[in-house]
Amino acid sequence: MAGAPYHYNPSRAYVRAVEEYASMMRSEPRAYYDYFYWQGPVSVDRLLAHPSGRLSKAAAGSGLLATPCVAASRTRRGSISARAVSRMEPCKSPVAMRSVRVTFLGSGDAFGSGGRFQACLCLDGGTEPLLLDCGATGVIAMKQGGIDPASIGWVALSHLHGDHFAGLPWLILDGQFAKRNKALVVAGPVGARERVEQAFEALYPGATTAQRAFDSSFIEFADGMPCQLGPALITPFRVRHQSGAPSYALRVEYGGKVIGYSGDTEWTDSLIDVANGADLFVCECNFFDKKVPGHLDYQTLVGKRAELGCERIVITHMSEEMLAHLDNSDLEAAADGDVVTL
Ligand SMILES: [Zn+2]
């Protein structure tokens, strides 16, 4: 068994990780499905039979396609290492021929620097649109950009700071008044549901128990474990940013493309894994040369650029200090409303 993976990638850590995951797939059908759906985007009505014959029927009705990371967290001991995950290239499928659009609904920091909106990226061009983060200004930005908030069924949160998740109460409330009936599924760090509900209750007492025509549910990420969130397979990588819960950079396989997203973090080698082989890496660049714990600065990022094996890098989450240096920047910088087509 070890020969073939070693030939593919001559690293003992890689081979060990593949063997561990193969063993997990043999004993846990859900892991088998995780791997399959991660390797190639497929239609959700096409289900794969596990070699043991187990679960193929159950998977259809279990919501598995939306929630495999719940199972992943239960099989943590046999998990593939985060670094090995990023070295496995996603296969290119016919879906890859379609273009994916990444819209920067918010490219600013928490404080509206430069008059910009807070963190929010919209991916579309896959089977359904998906948001990466939803800062407090998310719904305003969507409406300004002509995106119907009720069309968003999937949201992935990098971490639990308000400028990355506080738009969710308004996304839910807007749906309630817009007679939305599309379910909303949010994936984020452990504790995401509680944090969103606390914010919602503080803003609109009683809102969390109101009756709505659509369901809202939460999935918790587990470090390094691929998680199927509707149209995307998302692998979270732990980063360095204090938020009262694990903070993650997200490697998102969507519509046959790979989008890396740093979330908020100071430099950590996790970013190498997240960006490796990505068609686009969206990276925070809060400061120009100011060193602030938990955030990146332009000088550090430029110094690390050669280690980031991505096709294209676009910086976001910029402070006034960084924005003042954009003319001297060699890195492509996002502005609100920018669209990157992959
Ligand atoms: Zn943050």
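Annotations for the structure displayed:
- Selection of GluC sites (Glu not before Pro), the range 233-342, meeting DSSP coil and at most 10 other Cβ within 10 Å: none
- Dipole check for the range 185-227: with +1 at the C-beta of Lys and Arg, -1 at the C-beta of Asp and Glu, and the Cα centre as origin, the magnitude is about 120 Debye.
- Percent antiparallel among DSSP beta bridges (both partners in the range 244-342, rounded to 5): 35 percent
- Charge dipole (the range 236-334, unit charges on Cβ, about Cα centre) - positive-most of A245, T268, P293: A245
- Rough spin-label spacing in nm, given labels placed 7 Å along Cα→Cβ, for R101 and T208: 3.6 nm
- Exposure proxy shown here: for F221, F214, F177, the number of other Cβ atoms within 10 Å sets the order, fewest to most, as F177, F214, F221.
- When the trypsin sites (Lys or Arg not before Pro) in the range 192-233 are filtered for DSSP coil states and for at most 16 other beta-carbon atoms within 10 Å of their beta-carbon, the remaining sites are R212.
- Sorted fewest first by neighbouring Cβ atoms within 10 angstrom, Y248, Y261 come out as Y261, Y248.
- Burial ordering of I219, I140, fewest other beta-carbon atoms within 10 Å first: I140, I219
- In a fully extended conformation the segment linking K182 and V339 would gain 54.0 nm over its present Cα-Cα distance, using 0.36 nm per residue.
- Total charge dipole magnitude, the range 209-342, about the Cα centre, Cβ charges on Lys, Arg, Asp, Glu only, Debye to nearest 20: 320 debye
Bear in mind that the values in this text are calculations on the coordinates, not laboratory data. If you're wondering where the values come from, they're calculated on a predicted model, not measured in any experiment. Cβ coordinates were reconstructed from backbone atoms using ideal geometry, including for glycine residues, and neighbour counts include every protein chain displayed.
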